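Colleague: The structure's right below; bear with me while I get my questions together.
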Amino acid sequence: MKLELIGLTKTFNGQQVLGPIDFSDTIDTLAVVGPSGSGKSTLLRIIGGLLLPTEGRVMMDGEEAGHDESSLMLYRRRIGFVFQQGGLFRHMTARQNITVPLVHVHGFTQAEADAQANALLSRFGLLSQAHKRPGALSGGEQQRIAIARAIAPRPRLLLLDEPTSALDPEFTTEVLDMISELKADGIRFIIVTHEMGFARHACEHIAFLHEGRLLEYGPSEQLFAHPQTPEFARFLSKLLEWNIVRE
Amino acid sequence: MKKIAIVLSVCLLLSAAAGCAPAVTDSEKPLVVAMELAYPPFETKDSAGNPSGVSVDFAKAFGEYIGRKVIIENIAWDGLIPSLQTGKADMIVSSMTITEKRKEMVDFSDPYANALLAILANKNSGISSIDDLNQPGKKVAVKTGTTGDIYAREHLQNAGRIELADESACVTEVVQGKADAFIYDQLTIYRNWKTHEDATVAVFIPFQDVEQWGVAVRKGNTELLDKLNAFIAKFRSEGGFDKLTQKYLAEEKAAFEELGFQWFFDLK
Amino acid sequence: MQNRNEKALPLKAALNLLLLTVIIVAVFWLSLTAVGVTFDFSFVSEYRTRIGQGFLMTLLISLASFAVSLLLGVLSALGQGSRVLMLRYLCGFYVKFIRGTPLMMQIYLFFYIIGTAWGIDNRFVAGVLILSIFEGAYISEIIRGSLLSIEATQWEAAKAVGFSHSQTLRLVILPQMVTRTLPALTGQLASIIKDSSLLSWIAVIELTQTMREISADNFKLFECYFLLGLLYLALTLPVTLITKKLEKKFSYET
């Protein structure tokens, strides 16, 4: 799946938070890292069609993401998005969170949707929680259901916005494990994360954002071992200070 | 258990407090006179918002007579008699008609004024007498609890009754044609007719016996009642009522004379 | 030892409730004796038809106003979010004016001025309209508030899974709003029942007006108003209980 970003910028209230960003490559598993406020979530939302760029274009497999709501809606339907928290529909059960979009957006019959949902839920050990509402689930379970909902329609790209940042540490592992499994299945994803160990070992490529600019991009093992820019080096060393980076 | 003890003792204290009142002799307490300050020029407020009017002056004169300070309490018509019953007021001077039913609840002084009911009718209602009003389909507005209300209830069985709390609302209903007529005392009807001559007519043909106004006191309060009756006689003989008329009702007295009506304070 | 304590709990609750009732009754009775008033409820059977009619009228007016005010409230809440500027201003003004002025004033204004001008003479109809306009503004704010209380992420997530705007409203927003507003709306019904008493000022023969007329007739002011209170409680208590039940049922939302 080829992603191209051409001259992408985003300005909020007169402040330019992103860009200009130019990027062109095939995506398999990409981690986006950087200090807070560097524009990572904004970039992810633009790629996901949830936010319109101020300038520039997004192209996926040669097709440009449109600027009007109807074409954007179609664009979003082929992308899965996982939010940092609160992404599940509160009034629906875990199972319904997965089946309702399948039925109403992707044209599944109820039976097909149930089958798909059950398959995913049982695969990731969540079947026993399927009838519960998000309020009754742990943070880790909620995020895993959110991921299941995102991949159920087999999107061409999965986007995850700091999926473990809001979780208690004991739940982080189960979520990261699930994402690793998906990788093994061949699912392509871009993940914004602070989990450096995961970024380094589980993701093929890494992109480093700093003050809205894309400063580094390349194979993760390589870049982690040999940062090209002083900013990235400083960023890594800061993490090392508190031993956050798992070796 | 401790909680219950505290709560019980609080209750006992409250009831004890309710039972004992400070020991003050009657003659030192101010005289509380209740009236509804919505009936000019008998009971009303001056531009500064202080009670003024015929009844106010009358009450103050009585206070001087018995050597007690007078406090005027502005209470809505419905609440006047209850205020006597609960002891909130000592007497009512509010142009209140003496009726048998009211006598069951309170004691009245000797009458100090006469009054007659009159009709304020909408110009298009075709009403020129009380019998015109007592027809099915006719609607009469009354102020709740007044003798107009009582009369309508007892004698206008065919007409629909609209009971409202304000005199001004009753007049508005007649002016707008929502009601065909409003029954109230002659003076008020006269004044409101003058204000709305283009929309209303006034019918002054008497349709009942003269009503008499009295001062109401709590049942059994003979001491205050005797003083009141003595005062009323004295006030009249000294021309007190004539002075009040001169001060507040000169124009109206002239109009009444022209129309041939008996004047309020003329008890013959 | 443990078991005996647990068994005592409901007994303790009942005892406390009994004590509370005794205290309240005692305070009332002592106040009445101190003031020298005795209660005589013998008039109730004589006037029972009128009281019953007044009660029914209050019920009717309240239900009718509830329905109309719901409609007005929804329309106003939608209008406040509309893209048409005039509509937004109109609804905003409506809510601010109605919520900022006393119902008494609105009753007189709408009945004697606007109602007369537009030929609305029937008191019941006028009463229901006035009350609906009044309560509609409050319902509008309840709906608007609950709409705003839905987290932004719910909207974003709906976008992300590919729902259209109407699908988002139908599948995500409305179901959540219903559970959020239902308790508040039933509470509003209780308010309507009480506010309807003010319609007595334009002689709508509902419960308060009926009691007023009766007390003017028999001078039993205290008994009448005491009975009035009980009758209104008979209407509002069930509504309050239903509200509580709904709040509990929908508490998963938090």
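The values are calculated or read from the model by the stated rules, or taken from the named source; none is laboratory data. What you see is a predicted model, and the numbers here were worked out from it, not measured in a lab. Counting neighbours? That spans all protein chains shown, and the Cβs are built from the backbone with ideal geometry, glycine included.
Colleague: Output the strands (runs of 3 or more DSSP E) that fall wholly within the stretch B:1-118 and possess 2 or more residues being at pLDDT 90 or above and among the hydrophobic types (A, V, I, L, M, F, W, C), or say none.
Modeller: Per the criteria, B:31-35, B:70-74, B:91-97, B:106-108.
Colleague: Only one of these conditions is not met by B:Lys178: (1) part of a helix (DSSP H, G or I); (2) crowded, with 18+ Cβ neighbours inside 10 Å. Which number is it?
Modeller: Against the list (1) part of a helix (DSSP H, G or I); (2) crowded, with 18+ Cβ neighbours inside 10 Å, B:Lys178 comes up short only on (1).
Colleague: If I filter the stretch A:43-71 down to residues being β-branched (Val, Ile, Thr) and in contact with a Lys or Arg (Cβ under 9 Å, 6 or more places away or on another chain), which single residue comes out as farthest from C:Ala160 (Cα to Cα)?
Modeller: Step one: list which residues in the stretch A:43-71 are β-branched (Val, Ile, Thr), which gives A:46-47, A:54, A:58.
Now restrict to residues that are in contact with a Lys or Arg (Cβ under 9 Å, 6 or more places away or on another chain): A:46, A:54.
On the way: A:Ile46: 12, A:Thr54: 20 Å.
Only one residue tops the list, namely A:Thr54.
Colleague: Going by the conditions given, is B:Gln208 more than 14 Å from chain C (Cβ to nearest Cβ), farther than 30 Å from B:Leu31 by Cβ and without any contact (Cβ under 8 Å) to a residue 60 or more places away in the chain? Outline the logic, then answer.
Modeller: On the way: more than 14 Å from chain C (Cβ to nearest Cβ): yes; farther than 30 Å from B:Leu31 by Cβ: yes; without any contact (Cβ under 8 Å) to a residue 60 or more places away in the chain: no.
No.
Colleague: A further question on this structure: Quick test for you: out of A:Thr164, A:Thr172, pick the one residue that is more than 19 Å from A:Gly49 (Cα to Cα), part of a helix (DSSP H, G or I), in the same structural domain as A:Pro35 (by TED's automatic domain parsing) and of a type in the set (S, T, N, Q).
Modeller: A:Thr172
Colleague: So which of A:Arg95, A:Arg154, A:Arg144, A:Arg133 is of a type in the set (Lys, Arg) and out of contact with any helix residue (DSSP H, G or I) (no Cβ under 7 Å at 6 or more places or on another chain)? It would help to see each step written out before you state the result.
Modeller: Working: A:Arg95 fails: out of contact with any helix residue (DSSP H, G or I) (no Cβ under 7 Å at 6 or more places or on another chain); A:Arg144 fails: out of contact with any helix residue (DSSP H, G or I) (no Cβ under 7 Å at 6 or more places or on another chain); A:Arg133 fails: out of contact with any helix residue (DSSP H, G or I) (no Cβ under 7 Å at 6 or more places or on another chain).
Going through A:Arg95, A:Arg154, A:Arg144, A:Arg133 in turn, just one is of a type in the set (Lys, Arg) and out of contact with any helix residue (DSSP H, G or I) (no Cβ under 7 Å at 6 or more places or on another chain): A:Arg154.
Colleague: To continue, here is another question. Tally up the residues in the stretch A:135-151 that are closer than 25 Å to A:Arg78 by Cα, within 13 Å of another protein chain (Cβ to nearest Cβ) and surrounded by fewer than 23 Cβ atoms within 10 Å (Cβ to Cβ), please.
Modeller: Of the residues in that region, 1 qualify.
Colleague: Considering each of B:Phe204, B:Phe264, B:Phe182 in turn, give the residue that is modelled with pLDDT under 90 and closer than 30 Å to C:Asp121 by Cβ.
Modeller: From the options B:Phe204, B:Phe264, B:Phe182, the qualifying one is B:Phe204.
Colleague: Kindly indicate whether any position in the stretch B:183-190 is hydroxyl-bearing (Ser, Thr, Tyr) and in a strand (DSSP E or B).
Modeller: Within the stretch B:183-190, one or more residues are hydroxyl-bearing (Ser, Thr, Tyr) and in a strand (DSSP E or B).
Colleague: Here's something else I'd like to know. Residues in the stretch C:204-227: is at least one surrounded by fewer than 20 Cβ atoms within 10 Å (Cβ to Cβ), more than 8 Å from chain B (Cβ to nearest Cβ) and either small (Gly, Ala, Ser) or within 30 Å of C:Lys249 (Cβ to Cβ) (or both)?
Modeller: Looking for residues that are surrounded by fewer than 20 Cβ atoms within 10 Å (Cβ to Cβ), more than 8 Å from chain B (Cβ to nearest Cβ) and either small (Gly, Ala, Ser) or within 30 Å of C:Lys249 (Cβ to Cβ) (or both), one finds none in the stretch C:204-227, hence no.
Colleague: Could you grab the pairs with beta carbons closer than 6 Å, sequence gap of 6+ or different chains, first residue in the stretch C:24-47 and at the interface with chain B (Cβ under 9 Å from one of its Cβ atoms), second one of a type in the set (Gly, Ala, Ser)?
Modeller: C:Leu30/B:Ser15; C:Leu30/B:Ala18; C:Ala34/B:Ala18
Colleague: On to the next question. How do the strands (runs of 3 or more DSSP E) wholly within the stretch A:1-72 filter down when requiring 2 or more residues that are in the same structural domain as A:Ala199 (by TED's automatic domain parsing) and more than 14 Å from the chain's Cα centre (by Cα): which remain?
Modeller: Of the strands (runs of 3 or more DSSP E) lying wholly inside the stretch A:1-72, those with at least 2 residues that are in the same structural domain as A:Ala199 (by TED's automatic domain parsing) and more than 14 Å from the chain's Cα centre (by Cα) span A:2-12, A:15-26, A:55-60.
Colleague: Continuing with the same structure: If you go through the stretch C:179-201 one residue at a time, how many are facing another protein chain (nearest Cβ under 9 Å) and surrounded by fewer than 23 Cβ atoms within 10 Å (Cβ to Cβ)?
Modeller: 2
Colleague: For the stretch C:109-126, check the following and say yes or no: at least one residue is under 22 Å from the mean Cα position of the chain (by Cα) and charged (D, E, K, R).
Modeller: Yes, there is a match, as at least one residue in the stretch C:109-126 is under 22 Å from the mean Cα position of the chain (by Cα) and charged (D, E, K, R).
Colleague: Here is a follow-up. B:Ala216 fails exactly one of the following numbered conditions: (1) away from chain C (no Cβ under 13 Å); (2) buried (at least 18 other Cβ atoms within 10 Å of the Cβ); (3) over 27 Å from C:Tyr108 (Cα atoms). What is the number of that condition?
Modeller: (1)
Colleague: Quick one: in the stretch B:69-92, of everything that is away from chain C (no Cβ under 14 Å) and surrounded by fewer than 17 Cβ atoms within 10 Å (Cβ to Cβ), which residue is farthest from B:Met105 (Cα to Cα)?
Modeller: My answer is B:Lys69.
Colleague: Output the qualifying pairs, or none if there are none: Cβ atoms under 9 angstrom, residues six or more apart or on different chains, first residue in the stretch A:123-143 and assigned by TED's automatic domain parsing to the domain that holds A:Ile98 and among the hydroxyl-bearing types (Ser, Thr, Tyr), second residue at pLDDT below 90 and outside any helix (DSSP H, G or I).
Modeller: Once the first residue is assigned by TED's automatic domain parsing to the domain that holds A:Ile98 and among the hydroxyl-bearing types (Ser, Thr, Tyr) and sits in the stretch A:123-143, its partners that are at pLDDT below 90 and outside any helix (DSSP H, G or I) give A:Ser138/A:Asp168.
Colleague: Collect the residues in the stretch A:86-109 that are within 14 Å of chain C (Cβ to nearest Cβ), surrounded by fewer than 18 Cβ atoms within 10 Å (Cβ to Cβ) and farther than 14 Å from C:Gln167 by Cβ, keeping them in residue-number order.
Modeller: Within the stretch A:86-109, A:Gly86 is the sole residue that qualifies.
Colleague: Quick check, is B:Gly137 within 12 Å of chain C (Cβ to nearest Cβ), part of a loop (DSSP other than H, G, I, E, B) and on the phi > 0 side of the Ramachandran plot?
Modeller: Details: within 12 Å of chain C (Cβ to nearest Cβ): no; part of a loop (DSSP other than H, G, I, E, B): yes; on the phi > 0 side of the Ramachandran plot: yes.
It is false that B:Gly137 is within 12 Å of chain C (Cβ to nearest Cβ), part of a loop (DSSP other than H, G, I, E, B) and on the phi > 0 side of the Ramachandran plot.
Colleague: Can you find even one residue in the stretch A:132-141 that is within 26 Å of A:Thr26 (Cβ to Cβ) and aliphatic (A, V, I, L, M)? Give the derivation first.
Modeller: Step one: filter the stretch A:132-141 for residues within 26 Å of A:Thr26 (Cβ to Cβ), giving none.
Scanning the stretch A:132-141 turns up no residue that is within 26 Å of A:Thr26 (Cβ to Cβ) and aliphatic (A, V, I, L, M).
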